[in-house]
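Colleague: There's a structure below that I have some questions on.
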Amino acid sequence: MRSTPLLIDAKPLGGYVVSVRFEDGTAADVDLSYLTEYGGVFEPLKDPAYFARLRADAEAGTIVWPNDVDVAPETLYGHAKRLTTTAV
């Protein structure tokens, strides 16, 4: 049994804010700008155009970028739960 619901939709809203929606109805606009403070594999995310190339990955259950960098599903869900705009 999964403890973290799967991410079913993610859309960049501009800058580093992403609208996310999970299978349990949790939805929020999450600011992921803190990711730009990391180096290494996160370095490309400093470019807002690259950041906007994110997608919801059904297998990973989270956001993924073209270089296969992702946010831990439980971390993303935790951010969304704190900011929930809609719940079913």
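The values are calculated or read from the model by the stated rules, or taken from the named source; none is laboratory data. Every value quoted in this text rests on a predicted model; they were computed, and no experiment measured them. Don't worry about glycine lacking a Cβ; one is built from the backbone with ideal geometry, like all the others, and counts go over all protein chains shown. Only protein heavy atoms, including side chains, enter the accessible area calculation; ligands, DNA and RNA are left aside. Shrake-Rupley method; radii C 1.70, N 1.55, O 1.52, S 1.80 Å.
Colleague: Of all residues in segment 31-48, which are outside any helix (DSSP H, G or I) and either out of contact with any Phe, Trp or Tyr (no Cβ under 9 Å at 6 or more places or on another chain) or basic (Lys, Arg) (or both)?
Modeller: Kept after step one, since they are outside any helix (DSSP H, G or I), are these residues of segment 31-48: 31-32, 38-39, 47.
Within segment 31-48, TYR38, GLY39, ASP47 meet the criteria.
Colleague: Across segment 34-88, what is the number of residues that are among the β-branched types (Val, Ile, Thr), over 15 Å from LEU6 (Cβ atoms) and in contact (Cβ under 8 Å) with a residue 60 or more places away in the chain?
Modeller: 1
Colleague: Here's another thing I want to ask about it. Scan (1) out of contact with any Leu (no Cβ under 9 Å at 6 or more places or on another chain); (2) among the aliphatic types (A, V, I, L, M); (3) open to solvent by less than 40 Å² (accessible area, probe 1.4 Å) for the single condition LEU45 breaks and write down its number.
Modeller: (1)
Colleague: Ok, one more. Would you tally the residues in segment 6-27 being crowded, with 18+ Cβ neighbours inside 10 Å and in a loop (DSSP other than H, G, I, E, B)?
Modeller: 2
Colleague: Would segment 64-73 turn up any residue that is of a type in the set (A, V, I, L, M, F, W, C), buried (at least 19 other Cβ atoms within 10 Å of the Cβ) and assigned to a loop (DSSP other than H, G, I, E, B)?
Modeller: yes
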